[in-house]
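Below is one structure, written out as structure tokens, with a few remarks after it.
The values are calculated or read from the model by the stated rules, or taken from the named source; none is laboratory data. Nothing here was measured: the structure is a model prediction, and the numbers come from that model. FYI the Cβ positions are ideal-geometry reconstructions off the backbone, even for glycines, and counts take in every protein chain you see. Accessible surface is based on the protein model in full, side chains and every heavy atom, while ligands, DNA and RNA are left aside. Shrake-Rupley method; radii C 1.70, N 1.55, O 1.52, S 1.80 Å.
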Amino acid sequence: MKKAFYLIILLNIFLSINLFAAKNLYLSYKKIPNQVYKNQKIEIIVKALITTDNFDGLSTSFSNSSNVTILNANSAWRKVSNDTYENSYYFKAKSSNFRLPNINVKLQVNGSVLDESELSSPSIRYSDIGTGDTRFSGVMADKFILKAYKTKQYNNKEALTIIDIDAQNSNLEDFKLQGITEQGVSAIKEEDGKQNLVFYFVTPIYEKKVVFTYYNLATRSFKDIKIPLILQNELVSTQTDLNPNDSTFERYKKIFAIVVFALFLILFVIKRNKILMIFTVLTFIIALLYNLPNSKGIVKKDSYVYILPTKNSTIFFKVDNDQKVEILQRRNGFIKVLGQDNDFIGWIKEESFGTN
């Protein structure tokens with residue numbers, strides 16, 4: 001009986017020692033957000049405390065998740081101290097009934113599992129956002145910067161705009177402009193929590209701006225972003241004779257008229273002939289007409305500017321306020337005008353023109 005008793009005691013001691021020795025891995029959550037929005041990219045930091053130096057590495061697996069996207073399942077563990085490792089995992093919740101996964105971590109040595117531990121799914125509040133905002137782009141970020149934008153002709157009726165965006169702690173991959181059919185991602189990249197997005201969209205050629213919102217996570221408020229759709233005369237760059245003032249032919253005509261007038265004036269001074277006097281007066285009038293500055297006026301508010309002087313011409317854009325312009329040409333009930341700051345050239349209907 002005594003031998004059996006001692007054997008049981010020794011066995012229990014042996015099992016206790018092995019059980020204690022086998023526990024080399026302890027897991028805990030270091031960072032968990034209190035709240036998550038739909039499609040928001042959230043970071044959860046897992047901490048691993050390791051009580052042995054005899055291991056090759058850590059491996060992670062996920063289980064029992066629902067309506068959640070794991071964005072970096074293969075993220076590598078980083079050593080933060082002699083016995084502590086950390087890993088940052090990023091998730092996206094797709095709907096209100098989401099469930100984050102259980103996180104299982106294995107401590108490996110020589111291809112075998114030395115120890116393993118599991119963290120249960122944390123509970124996080126969910127909120128919908130931007131559901132009533134028709135301009136919401138779907139993006140949430142700590143910081144959002146519209147770095148550059150450029151608009152050019154796409155076809156006869158539409159313009160193509162390219163935008164370049166930087167954002168911090170964001171979900172730029174979900175960026176979308178509401179009410180625009182043709183749009184998409186040209187390029188997207190991410191490094192150290194900073195994303196860069198190059199995005200394109202197509203709008204009617206007469207649109208002058210696009211406004212959208214994003215949700216600023218730092219201030220917990222919606223912010224407006226305005227993109228001016230400025231063609232910078234590229235839209236009609238394929239049309240000939242855009243600005244007669246800039247035409248080489250027009251410049252030659254003006255110079256030629258002055259030269260001809262000067263020649264007849266010299267001949268008249270020398271010859272004192274009545275016929276030469278008539279030609280001198282005529283060439284002076286022609287030279288004067290060619291070199292007079294163009295008339296000026298305004299394009300009335302809410303007028304349309306067209307590419308060509310025809311009824312079926314594509315609309316360039318709509319004038320938001322009275323615009324001061326210079327008259328370049330008149331044709332078929334249309335007037336070709338140049339913006340005061342050379343910011344546009346196009347045709348307007350005569351009834352859209354007014355005086356200062």
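At a glance:
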{"quantity": "Spin-label proximity, residue 209 to segment 316-339 - amide N less than 18 Å from point 7 Å beyond Cα toward beta carbon", "calculated": "317-324"}
{"quantity": "Separation of alpha-carbon centers, segment 50-72 and segment 150-202, rounded to whole Å", "calculated": "34"}
{"quantity": "Highest-first arrangement of 73-81, 255-263, 98-106, where packing means the average Cβ count within 10 Å", "calculated": "98-106, 255-263, 73-81"}
{"quantity": "Å² per residue, accessible surface of segment 66-111 at 1.4 Å", "calculated": "49"}
{"quantity": "Mean Cβ neighbour count within 10 Å, used as a protection proxy, ranking 58-67, 42-51, 165-174 highest first", "calculated": "165-174, 42-51, 58-67"}
{"quantity": "Anchor residue 92: lysines whose Cα lies under 16 Å away (excluding residues fewer than 8 positions away in-chain)", "calculated": "31, 38, 41"}
{"quantity": "At q = 0.09, 0.13, 0.23 Å⁻¹, base-10 log of I(q)/I(0) for segment 24-136 (Debye sum, equal scatterers on each alpha carbon)", "calculated": "-0.28, -0.53, -1.27"}
{"quantity": "Cross-link partners of residue 106 among lysines (Cα-Cα below 19 Å; sequence separation of 8 or more within a chain)", "calculated": "23, 30, 47, 79"}
{"quantity": "Relative contact order (percent, whole number), segment 104-232, Cα cutoff 8 Å, 6+ residue spacing", "calculated": "24"}
